[in-house]
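Chemist: Take a look at the following structure, please.
The values are calculated or read from the model by the stated rules, or taken from the named source; none is laboratory data. Keep in mind that this is a model prediction, so the values were computed, not measured. Please note: Cβ atoms are built from the backbone with ideal geometry, for glycine as well, and neighbour counts cover all protein chains shown.
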Amino acid sequence: MEDEGTRGVRGTSADRVPGPAVPPPPSGPPRQPWSGQPSPGRAPAGEPGAPQFGQPSAWTSPPPPPGPPPARPASPPLPVEQPSAGAPSLAAWLRTPRPPQAPGVWRFGFTPRPAEQGEEVSDRSLLVGAVITLLSALLLWSLWRNGYLPYRLVPLKLFTPGEWWNPGTSGGPRTIEGSDALTVYEALLFGLLAYGCGRIGNFSELFRRHVVQRGQPFLALAAAVAAGLTQLLVWKETLPVVRPVLVLVAAVAGGEIYQSQTVVNVIYALIAAAVLYPFARLGRWRELIAARRSGSAPATADDTPAPTTATSADQWPELRAAGWTDAADTLTAEVRTGRMNDVDVARLRHAWTQATRSPDRLAPLAEAVLRTGGAAALHPSGDRDLPRRTARHDVLTGQVRIGRCADDPHNPYARRSTGIALDPTLLGTSLLAVGPPGSGKSARLVRPVVEALGLRALAGQAAVLAVGGTGAPVGPDEAFDVVVRVGNPASAHDLDLYGGTTDPDEAAAVLAEGLVGDVGSLDSRRAATVLAQLLGPYRAAHGHFPSVPELRELLDGTPAALTALRAALEAAGQQAMLRELEARARQAGGPGDPAPALADRVALLDRPAFAGFFATGPDARPFALRSLGQYPLRVRIDLPERGHAEASRLLTRLLLAQFTAITAARTDTTLFVGLVLDDATHAVTAETVRGIRRLRSVNAGAVLTLRTVDDVPEALHTPLLGAVGCTAAFSGITTWDGKRFAEAWGKEWVETREVAQHTVFADQPFTRALHALRKLVTGKAVTTDAVTVRQVEKERWSASELAYAVPAGHAVIRLATVEGEHAPPLLVELGG
């Protein structure tokens, strides 16, 4: 399996760059609910006492005294995994070209496809044409040698003395000089005849298709057989080679040269070598012998070329240009000795870029590099790589390869058989994937995307939130900084239903969208008003938002709960909030009051299975989604699908609403923030569609997967497909879903050719014979074609093609970037 420059460092993946084998983080005590305090050996990202990404970990300690940079402390070398045979070194991986390409093209070592060839001749036509050409050439040469062609000597007589020839146009040679000239003349004509026969009979294509394509050793053996046969014909003087050469040598050096047997033997050896040389080139004997001596197989074509560009990427030119030569030399040595991996390179480059924006950070970063080498500016978790990769990643460009464009007429010729990859510029437009269970959405799309964002998080460039059911294949626990298992008593973290905000109106708007955003008959704005009338007074009285049981009681209008809240407000002197509560009491029970519907939805979370979760008291510190916009976190939330499907859908809807609201409100958009919903069934609302459309402007994106488009309200089908820039239709979708994709992808102008064939009937015997010969060569009857060429507008992919023409393990993917570039829908072989 090819490594493509992405071989790992822990021996757990075959697709990563060789690097240091980073030991797993030490196991500490069980994690407590998200408290903002680092646990032993694994500090939460961005919390006090944890090193901030983009800065060396040494920044948390006082600055070193002035003077020369301290020497790196002596320490035992890190264990280095030996790269397997064929794995590229990190230096070679860095030097591999990554030319800019169209959206979605796998850039690592990309080489464009050769120009498109015309329609190939069939094997039958090629073989019959070659045989007929060969027979015609043999007939012509036989007629020549036997003197049946008139005026055959006229051109020769025009350039030679007349006394060499007998009188008349057909007179033969009279002297020895004339006989020698005729010998050379016939050899030249034979060469022209052989060349013309080869071109007309297309022998080169025949040789390429039926001999070269079989590879070695068949190619060398076929060339050896042809060379032996040719040598036999040459020395039997069936082919005019030996006598013309002897005549020319005698004409130049004189006939006395043949008195020496040694000279004759040398001439014969040169003739034999000259006859053998073309066959040695055709059979590639030299390459075969060299491969046999080295004990390796002959080189074959590969879609990923070896790194050949001689750039200085592994010399850290950005550090040298800034004058930090010692730091650059340190990192160069780390690269060459295999003590770094691809994530280290991406992380340090990003840290250096961030430091250049604040010159006061350059010196501490350079000193950290001198002390710790490739381990400088570590992610707060201390991880330098993921525990396992299932896809090919190019961390420098942020790309993850998800497959290969199929060799299909629907795909443009230049894109066929090329790798297809996703990166933040594509994910920033958000991605919608639709396909039935088992079509590969989770394993071949969701998992690679989560891995790619996790690697970028380790490099300090992204944050990722992966949401799925328990057991969803989004990655192991060790690949995340925070794992929330809703409904699992063993979960180390809790979840904040209010997203970490302290504004009652903001919390009410997001919570209303999550609770009743899918109810078409209910206005989310009225529901948000009802929640705000309760959340605001409660927070003013208690300093925090209500827990799930308390919120349910308030929405139900329980007298005891309302009385207690009213008394607390009066005691605190919160007259404004008291008026809010009184307004809620007056509106309760009125027509169209959304409180009962809200209470019913909150009741889904007020179950014994969720006891102890969603705590909001002063001692509760649940994980808040707001942290994603501030720190390069890797978060996974497991939802309890079995027995609590409605609650899981509610939480998914709430998380999507929180994500769109929080990312849109952040002011620092340096980090790319990605949300991956492994199942977005009933999670999309009108407000979240508008939020998804705004994500591309705030350096964020969402990946949503659906079993069918009907899992979204019908009124949102068109807005959702228009809001996302990337769409994927997996194998097995229905024609109804295919119709929606076909409409979203639009049409294109194509040239159609309508050919009407009419059989030609011959009346004359000679014409019939010619037609029979033509049918023998082509295998088709003689016809005349009436061709009509038109420009028509046609769907890029029809609904029927999407439903029935997409093979298993494939998907049709349309990509667009945040800059507005786009690629047509491409048929992709997933995992290729």
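Chemist: Counting only residues that are assigned to a loop (DSSP other than H, G, I, E, B) and in contact (Cβ under 8 Å) with a residue 60 or more places away in the chain, which one in the stretch 215-236 is farthest from the chain's Cα centre (by Cα)?
Modeler: It comes out as PRO217.
Chemist: For the stretch 494-522, give me each residue that is part of a loop (DSSP other than H, G, I, E, B) and either free of Cβ contacts under 8 Å to residues at least 12 places away in the same chain or out of contact with any Pro (no Cβ under 6 Å at 6 or more places or on another chain) (or both).
Modeler: LEU497, TYR498, GLY499, GLY500, THR501, THR502, ASP503, GLY517, ASP518, VAL519, GLY520, SER521
Chemist: In this structure, does GLY779 turn out to be crowded, with 16+ Cβ neighbours inside 10 Å and touching a residue at least 24 places away in the same chain (Cβ under 8 Å)? If you could, list the steps in order and put the result at the bottom.
Modeler: Values: crowded, with 16+ Cβ neighbours inside 10 Å: no; touching a residue at least 24 places away in the same chain (Cβ under 8 Å): yes.
The answer is no for GLY779.
Chemist: Now for a separate question. Name every residue in the stretch 594-609 that is surrounded by fewer than 17 Cβ atoms within 10 Å (Cβ to Cβ) and either touching a residue at least 60 places away in the same chain (Cβ under 8 Å) or in contact with a helix residue (DSSP H, G or I) (Cβ under 8 Å, 6 or more places away or on another chain) (or both), in order of residue number.
Modeler: If the condition is that a residue be surrounded by fewer than 17 Cβ atoms within 10 Å (Cβ to Cβ) and either touching a residue at least 60 places away in the same chain (Cβ under 8 Å) or in contact with a helix residue (DSSP H, G or I) (Cβ under 8 Å, 6 or more places away or on another chain) (or both), then PRO596, ALA603, ARG607, ALA609 are the ones that fit.
Chemist: I'm checking my understanding of the structure. Among residues of the stretch 474-491 that are surrounded by fewer than 18 Cβ atoms within 10 Å (Cβ to Cβ) and touching a Pro at 6+ places or on another chain (Cβ under 7 Å), which one is nearest to LYS441 (Cα to Cα)?
Modeler: PRO476
Chemist: For the stretch 374-413, name all the residues that are among the small types (Gly, Ala, Ser) and part of a loop (DSSP other than H, G, I, E, B).
Modeler: Once the filter is applied, which keeps residues that are among the small types (Gly, Ala, Ser) and part of a loop (DSSP other than H, G, I, E, B), the stretch 374-413 yields ALA376, ALA377, SER381, GLY382, ALA391, GLY398, ALA406.
Here is a yes/no grid of residues against (1) part of a helix (DSSP H, G or I); (2) closer than 30 Å to LEU134 by Cα; (3) not hydrophobic (A, V, I, L, M, F, W, C):
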residue	(1), (2), (3)
ASP710	yes, no, yes
ALA715	yes, no, no
THR718	yes, no, yes
ALA729	no, no, no
ILE733	no, no, no
GLU754	no, no, yes
LEU770	yes, yes, no
ARG774	yes, yes, yes
LYS794	no, no, yes
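Chemist: Same structure, new question: Among the residues of the stretch 407-438, write down those that are of a type in the set (A, V, I, L, M, F, W, C) and modelled with pLDDT under 95. First the steps, then the outcome.
Modeler: Looking only at the stretch 407-438, we keep the residues that are of a type in the set (A, V, I, L, M, F, W, C), and these are 414, 420-422, 426-427, 431-434.
Across the stretch 407-438, the qualifying residue is only ALA414.
Chemist: For the stretch 436-453, give me each residue that is surrounded by 23 or more Cβ atoms within 10 Å (Cβ to Cβ) and either over 19 Å from the mean Cα position of the chain (by Cα) or β-branched (Val, Ile, Thr) (or both).
Modeler: VAL446, VAL449, VAL450
Chemist: Can you tell me how many residues in the stretch 239-259 are modelled with pLDDT of 85 or more and of a type outside the set (A, V, I, L, M, F, W, C)?
Modeler: Total meeting the criteria: 3.
Chemist: Does LEU695 fit the bill of being under 22 Å from TYR631 (Cβ atoms) and assigned to a helix (DSSP H, G or I)?
Modeler: When the stated conditions are applied, LEU695 passes them.
Chemist: If the requirement is being in a helix (DSSP H, G or I), assigned by TED's automatic domain parsing to the domain that holds SER142 and farther than 22 Å from ILE289 by Cα, which of these qualifies: LEU239, LEU246?
Modeler: None of the others qualify; the one that does is LEU246.
Chemist: Now for a separate question. Among residues belonging to the stretch 454-473 that are assigned to a loop (DSSP other than H, G, I, E, B) and surrounded by 24 or more Cβ atoms within 10 Å (Cβ to Cβ), point out the one that is farthest from the chain's Cα centre (by Cα).
Modeler: It comes out as GLY460.
Chemist: Please count how many residues of the stretch 283-298 are small (Gly, Ala, Ser) and modelled with pLDDT of 85 or more.
Modeler: Matching residues across the stretch 283-298 total 1.
Chemist: Still on this structure: Test each condition in (1) part of a loop (DSSP other than H, G, I, E, B); (2) touching a Lys or Arg at 6+ places or on another chain (Cβ under 7 Å) for PHE761 and report the one that comes out false.
Modeler: PHE761 satisfies every listed condition except (2).
Chemist: Which numbered condition trips up TYR148, out of (1) assigned to a helix (DSSP H, G or I); (2) at pLDDT below 85?
Modeler: Among (1) assigned to a helix (DSSP H, G or I); (2) at pLDDT below 85, the lone unmet condition for TYR148 is (1).
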